[in-house]
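Notes for the one structure printed next.
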Amino acid sequence: MRHGRRRITWKGTALVVGAVTAGCALVTYVPQERNVDTPFVVEGEVGETLDLTYADLTVTEVRVADTLTSFSEAAAAGGTFIVVDATWRATQGETIFSGAEITDRQGRRFWPSQRGGCSISASAQPGYAWRTTYCFDVPREALEGATVRLARGDQTEEYAGQRRDAVAVVDLDITASEADELWEAEETVSPEEPGYAPASAGGGEG
Amino acid sequence: MKHARNDGPDLAFRLGRRVVAAVVDDMSTVQRVGVGAVAALVAVSPFGAWSEVEAQADPLTTGAPVEVGPFEVTVEKAATADELGYLVPEPGNHMLAVVANVTNTGEVPEYSVTLGNAIPAPENVGIIPEVPLAELGADPDPDAATEPTPDDADADAGAGAEPSADPSASAAPGDQGEPEEPKLPSASIVNIKDGTSISIFNPGLTYRVALIWEQSDKFSGDVIPLEMVELEWVEDDPMGLDDGHWFANEVVFKGQIKVEPAKSDASADAEQQ
């Protein structure tokens with residue numbers, strides 16, 4: 001049995017051409033890459049607990065130091081160390097927190113150092129607060145207005161590990177006058193070993 | 001037989017001349033000049049006419065800052081020492097350090113490995129080569145007191161001697177009889193201010209660092225040849241998955257750096273004070 005050919009109508013043609021044009025326009029003009037890649041930034045201040053869905057984060061204290069001392073070594077800063085104490089509380093499962101970076105007002109990025117007993121990442125079981133200390137060697141002009149960005153995904157390869165994931169950006173609240181004072185101060189800090197945080201720092205059983 | 005042997009080239013020449021004559025006869029003078037120019041260009045192609053001209057390395061001297069990739073490097077000096085902090089040489093060797101001030105002039109942190117790629121180990125001065133992975137775990141040769149140096153390796157090759165390590169332990173199938181040239185190691189990079197190993201160079205900071213290699217005591221020269229390699233940023237790497245990295249290209253700075261001899265402990269302490 002032979003079927004007749006389906007007729008191509010103007011209406012059908014217009015529909016197909018219109019759909020293709022609309023698709024092309026969407027792909028061309030909607031900034032898809034940015035929508036796909038952008039992390040969910042949760043902003044906060046020192047002392048504030050931030051909900052990142054996979055963890056609660058509190059930056060508990062910010063200090064500066066010329067020298068870091070630990071059991072095994074003493075590390076001298078090329079500029080000055082910004083020492084950031086933070087407490088992570090994983091809320092979903094055992095989590096490795098790999099992202100830690102300071103950004104200055106010029107947009108320059110600074111990564112943490114392992115020297116002097118500091119951490120560059122943390123790993124925590126759910127239900128407990130885990131304390132860790134990050135140390136960033138920065139130049140003088142990076143102090144004022146610096147922010148710290150902490151997340152479970154790391155910041156290498158243009159934040160590839162943080163795509164469509166929550167990250168915390170905490171203002172370190174360093175003013176211009178404070179920056180001068182902090183730079184001149186000669187401080188030595190002995191970072192605490194990473195460990196369970198005391199209840200006052202949001203520790204204890206969750 | 002004599003004529004027969006000469007027939008080949010002669011015939012080819014005559015045939016070629018006929019082909020050329022047949023083609024060129026119908027051409028104007030301008031066309032002939034054009035075809036001649038194209039033929040000349042084609043003729044010089046096999047001889048490297050289109051190869052990139054090898055860049056001449058600029059002189060490298062102490063005290064003069066140079067730019068390599070994201071770093072500004074000022075070589076201060078080279079020195080030898082019996083040991084440097086946690087770096088202790090094997091018996092019969094010592095440590096060679098190139099002291100330099102290094103600044104990351106970019107806006108993002110850079111790994112010290114990148115600096116190590118820009119400043120390779122000086123060649124032919126007895127730097128102890130890396131132990132090939134295949135030899136790790138192989139039985140050490142009791143006759144070999146120390147690892148062979150590049151100089152030793154050259155001497156061995158010249159004398160036709162067997163390499164000191166068991167070839168069966170190191171040579172891959174098919175490579176037997178042609179021992180791989182030993183690879184010189186990357187430098188250990190130490191922050192001189194505190195003696196700690198430095199792994200990250202944050203932007204805007206200058207570190208006085210020592211690039212350290214283990215060197216054979218057999219080297220007795222008072223200068224070393226030091227090279228710096230151009231670092232080229234690769235945004236998209238079509239050959240691999242590693243987008244966005246520094247690629248060590250060709251040597252752009254080269255110089256002879258004077259080596260200060262090892263100081264005794266007493267004089268080193270006096271200098272520190």
> Is it true that A:V41 is loosely packed, with under 15 Cβ neighbours inside 10 Å and either touching a residue at least 60 places away in the same chain (Cβ under 8 Å) or under 30 Å from B:T105 (Cβ atoms) (or both)?
Replying inline: yes
> Out of the residues in the range B:199-211 that are buried (at least 22 other Cβ atoms within 10 Å of the Cβ) and under 16 Å from B:V98 (Cα atoms), which is farthest from the other protein chains (Cβ to nearest Cβ)?
Replying inline: B:L211
>> So, in the range A:91-149, exactly how many residues are buried (at least 23 other Cβ atoms within 10 Å of the Cβ), of a type in the set (S, T, N, Q) and in contact with a Gly (Cβ under 9 Å, 6 or more places away or on another chain)?
In response: 2
>> Can you find a residue that is assigned to a loop (DSSP other than H, G, I, E, B) and either free of Cβ contacts under 8 Å to residues at least 12 places away in the same chain or not assigned by TED's automatic domain parsing to the domain that holds B:T196 (or both) anywhere in the range B:65-82?
In response: no
>> For the range B:181-198, give me the residue count where each residue is at pLDDT 90 or above and either outside the structural domain of B:V259 (by TED's automatic domain parsing) or within 22 Å of the chain's Cα centre (by Cα) (or both).
In response: 7
>> If I go through the range B:80-105 residue by residue, how many of them are surrounded by 17 or more Cβ atoms within 10 Å (Cβ to Cβ), within 14 Å of chain A (Cβ to nearest Cβ) and touching a Pro at 6+ places or on another chain (Cβ under 9 Å)?
In response: 2
> What number goes with the only condition from (1) of a type in the set (G, A, S); (2) more than 14 Å from chain B (Cβ to nearest Cβ); (3) over 16 Å from the mean Cα position of the chain (by Cα) that A:A75 does not pass?
Replying inline: (2)
> Here are A:T58, A:T53, A:T91, A:T95: which of them is away from chain B (no Cβ under 11 Å), of a type in the set (S, T, Y) and on the phi > 0 side of the Ramachandran plot?
Replying inline: A:T53
> Which members of the range B:113-131 meet the condition of being within 14 Å of chain A (Cβ to nearest Cβ) and surrounded by 22 or more Cβ atoms within 10 Å (Cβ to Cβ)?
Replying inline: B:L115
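The values are calculated or read from the model by the stated rules, or taken from the named source; none is laboratory data. Predicted model only: the values in this text are computed from it and were never measured. Please note: Cβ atoms are built from the backbone with ideal geometry, for glycine as well, and neighbour counts cover all protein chains shown.
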